[in-house]
Amino acid sequence: MKQQIMANSWSKLLWLGYVAGGAQATNVPRDPSGKLPTLGWNSWNAYHCDINEQHFLDAAKAMVDTGLRDAGYNYVNIDDCWSEKTGRVNGHMAVNVTRFPDGLDGLSKKIHDMKLKFGIYSTAGTLTCAGYPASLEYEDVDAADFAKWGVDYLKYDNCNVPSNWQDQYIFCEEDGAKIGFNGTCSRDQNPKLAPDGYDWSKSKSAERFNRMRDALSKQDREILYNLCIWGTADVFSWGKNTAISWRMSGDISPNWGSVMHILNMNSFKMNTVDFYAHNDADMLEVGNGDLTPAETRSHFALWAAMKSPLLIGTDLQKLSADNLKILKNKYLLAFNQDDRFGKPATPYKWGVNPNWTYNSTNPAEFWAGQSKNGHLVLMLNTLGGTVKKTAKWSEIPGLGGRKYRVTDVWSGKDLGCLKEYSADVAAHDTAAILVGRRC
């Protein structure tokens, strides 16, 4: 945020229950929550800075009443603008008591009483993206306050980085560099491009985010850590040693072009995703903007298949029945939350373009991934009219030319014992099937 404002072990440091040197924090469970992608709700896309305690209580109640909590969505996360903007008080960020009259500790207790978890926001800079006090060089103070307030999750942003903390080089990624042919970068266009083989884990960006990792790990409660780093500083190469998820792009917007832009970028980064390590494709825009029902289905199906965190970003009190059904799709959530297979679905064929083409208009259309329930297969239509698409088992890794029992992910209908599957896919829609046992 925010462009619009301007089977892993303890020793691998893959989540925020660790402390420096490998000792376990007192109250951190041995099976940390960060193994699987985070599910929940975040305030930013719905309210931006216009937030108050009631918005979060309403969201929490709606999560319970609609069955979203029972479907697995269990985090209620405050984004930017929760503190006083005037500065710190006695070295601490001061909660805006006009917006939060019972403080954040009072709000977190109410959220916890609903059997939900509570998340907060800060920034690895001098100010947050909206201009509020941030945490760079105050990490120990702020982490202790977060723990005292009952925080379970921290989204840590990347705005307002002072000159002494800025990186020497830039990383080749579309939202932060000038991109050339097929997603590549040149020093002619990017004079500050990092040299080949540069170790980004030694960069100032990594150090800034690691400071908060270390501060959180000193606390006596588990606080999951999400890096809102926008895909910069090659976070893909070091993020798993710092947090359980990291933003892989700039901010999402509630339109088809933005969804395809992020999908294209992430399709080339799927090899970094596994248990305790998730590329965050940004908050869900289900229920927002001008996304059509077909585009909404594609957006959610692909975010779930890529094993991105799934944080709803709309006013839940206005959520339509159709969009609620999408968010609660049991097949897609089961794949996203599979505790046996940590790897995501990946492209096995591009479709419109030759394989491995970097293109945000027509990114990879054919995706598949293994789960304990079978292979999830998605066929996206990036074109403006209906297209017949066929999933051939012989093209999908792990299947082969046999017959399998197939289920339609959207309807739950048993499609029978098939040797391949064809569907007429409407513009910007996605056919989604679960390929089960041999038959």
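Take the cross-link list K117/K325; K35/K389; K325/K403; K388/K419 and give me the ones stretching past 25 Å between alpha-carbons.
Going by Cα-Cα distance, K35/K389; K325/K403 fall outside the 25 Å limit.
Using a Förster distance of 25 Å, how high is the FRET efficiency between K372 and N255, based on the Cβ-Cβ distance and rounded to 0.05?
Values: r = 35 Å, r/R0 = 1.39.
Step by step, r from the Cβ atoms, then E = 0.10.
Rounded to a whole number, what % of the accessible area of the chain do carbon and sulfur atoms account for, probe 1.4 Å?
Numbers: 8390 of 17530 Å².
It is 48 percent, rounded to a whole number.
Only Lys, Arg, Asp and Glu count, each charged at its Cβ (+1, +1, -1, -1), so figure out the dipole size of the chain about its Cα centre, rounded to 20 debye.
I would put it at about 1560 debye.
Cut-off under 14 Å on the C-alpha distance; same-chain residues fewer than 8 positions from K269 excluded. Which aspartates and glutamates are left, in chain and number order?
E173, E174, D234, D280
Based on the Kirkwood radius over alpha-carbon pairs, what is the Stokes-Einstein translational diffusion coefficient of the stretch 172-211 at 10 °C with 1.306 mPa s viscosity, in µm²/s?
Estimated via Stokes-Einstein, D reaches 139 µm²/s.
Identify which of the listed values of Cα Rg over 2.2 N^0.38 Å was calculated from the structure shown: [x] 0.96; [y] 1.11; [z] 1.03.
[x]
Roughly how many Å is it from the Cα centre of the stretch 290-313 to that of the stretch 198-264, as a whole number?
Comparing the Cα centres of the stretch 290-313 and the stretch 198-264, I get a distance of 20 Å.
Return the inverse of the average 1/r over all pairs of distinct C-alpha atoms in the stretch 347-438, which is the Kirkwood hydrodynamic radius, in Å to one decimal.
13.4 Å
Taking R0 as 30 Å, what's the FRET efficiency between R340 and R405 from their Cβ-Cβ distance, rounded to 0.05? Numbers along the way, then the final one.
Values: r = 19 Å, r/R0 = 0.64.
Once the sixth-power term is evaluated, E becomes 0.95.
Per residue, what accessible area does the chain have, given a 1.4 Å probe and all protein chains present, in Å²?
It amounts to 40 Å² per residue over the chain.
Which lysines have a Cα less than 20 Å from the Cα of K110, not counting those fewer than 8 places away in the same chain?
K61, K148
Return the unpartnered cysteines for the chain, using a Cβ-Cβ cut-off of under 4.7 Å.
C228
Kindly provide the helix-only [θ] at 222 nm of the chain, computed as the sum of -39,500 (n - 2.57) over DSSP H runs of four or more divided by all residues, to the nearest 500 deg cm²/dmol?
For the chain, the value works out to -6500 deg cm²/dmol.
With a sphere of radius 11 Å drawn around the Cβ of A177, what net charge do the other residues whose Cβ falls strictly inside it have (Lys, Arg +1; Asp, Glu -1)?
0
D for the stretch 278-326, whole µm²/s, Stokes-Einstein with Kirkwood Rh over alpha-carbon pairs at 10 °C and 1.306 mPa s: what number? Let's see the in-between values first.
On the way: Rh = 11.0 Å.
Diffusion coefficient, whole number: 144 µm²/s.
The values are calculated or read from the model by the stated rules, or taken from the named source; none is laboratory data. Bear in mind that the values here come from a model prediction, so they are computed numbers and not experimental data. Every residue, glycine as well, gets a Cβ built from its backbone with ideal geometry; the counts of neighbours run over all protein chains shown. Accessible surface areas use protein heavy atoms only, side chains included; no ligands, DNA or RNA. Shrake-Rupley method; radii C 1.70, N 1.55, O 1.52, S 1.80 Å.
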